[in-house]
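The values are calculated or read from the model by the stated rules, or taken from the named source; none is laboratory data. Since this is a predicted model, take the numbers as computed values, not measurements. Cβ atoms come from the backbone with ideal geometry, glycine included; neighbour counts cover every protein chain shown. The area values use the complete protein model at the heavy-atom level, side chains included, leaving out ligands, DNA and RNA. Shrake-Rupley method; radii C 1.70, N 1.55, O 1.52, S 1.80 Å.
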Amino acid sequence: MGLFYLLLFVGYLLVAAFVVWLVRVIFNRRLYTWLAVAFVVLFPTYDMIVQTALLKYYQLTRSPLQQIVRTVDAPGSVYWEDNVWPGYDENYRLWMIDHLLDGEHLSTLAMNGPDGKIYLYRYGKGDKPEAYTRASDLPPLNYTVKLNPIPLPFWQKPFIWADRMEITDNRSKERIAYSERYMGYSPRWALILPVGDSPFEGGGRVGDEHAYYFDERVLFSSFAENEAADRFRNISSRISYKTYFMRLRRAGKNGHD
């Protein structure tokens, strides 16, 4: 791999030198020559330059990126809606039942699935859910957690991804917490082989990248703190990273939210 990078670097230097020489011969003006030099120097890292500028912009203009008005220890019933994946697969839902649906902190939970249905689980009923087609058909639940993409201008989508999680008290209609994150895609010049097929390996980020843990810190404050280590050890059973990140990558490339 080291030899490959060396050959790639030498090859680029030769191409860059040829481009500068060609511009100098054709235009024979110092300004154009220096512009050509600037281009070949900056071109390999242009995506990181744009990405860094965008992340800094959002960090400054969207502050605070995370806010918690109040936390809850025993929410009782919660509806999770993920429009980024979109939807929670069966592994994730089973993980939530095993770790959160304890009858003390949580007795009812509902989650949207990747098939468009909404699955509602009750404590003591095992893993047999009630299925709904619309959120409006659900019985009254105390809290709602929503994860949505943040719309970005089309020219920014190849460089960064953005989403926002909001937690609402359905009884008072109060937004008790939110968290935004902006993540840059892997730099193209480094030819990094992403770990777990993540397109963000080596990219910059601002905000809390652990969106799938933020809701637990807010809704299960003491419970989440006591079992944080166990949650992170089991996160691979909750999310199919390859599917998730590849969808984000395609969204960035194709210009869709």
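Numbers below:
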{"read-out": "Pairs, first outside the structural domain of residue 206 (by the TED database) in segment 44-64, second surrounded by 18 or more Cβ atoms within 10 Å (Cβ to Cβ) and hydroxyl-bearing (Ser, Thr, Tyr), C-beta under 7 Å, six or more apart", "value": "55/182; 58/182"}
{"read-out": "Residue check, residue 109 over 14 Å from the mean Cα position of the chain (by Cα), at pLDDT 95 or above and not charged (D, E, K, R)", "value": "yes"}
{"read-out": "When residues of segment 192-214 are limited to those that are at pLDDT below 55 and in a loop (DSSP other than H, G, I, E, B), the one least open to solvent (accessible area, probe 1.4 Å)", "value": "194"}
{"read-out": "Selection count where residues are open to solvent by 40 Å² or more (accessible area, probe 1.4 Å), of a type in the set (Ser, Thr, Tyr) and under 30 Å from residue 136 (Cβ atoms), scope segment 35-91", "value": "1"}
{"read-out": "Any hit, segment 79-86, residues being of a type in the set (Val, Ile, Thr) and in contact with a helix residue (DSSP H, G or I) (Cβ under 6 Å, 6 or more places away or on another chain)", "value": "no"}
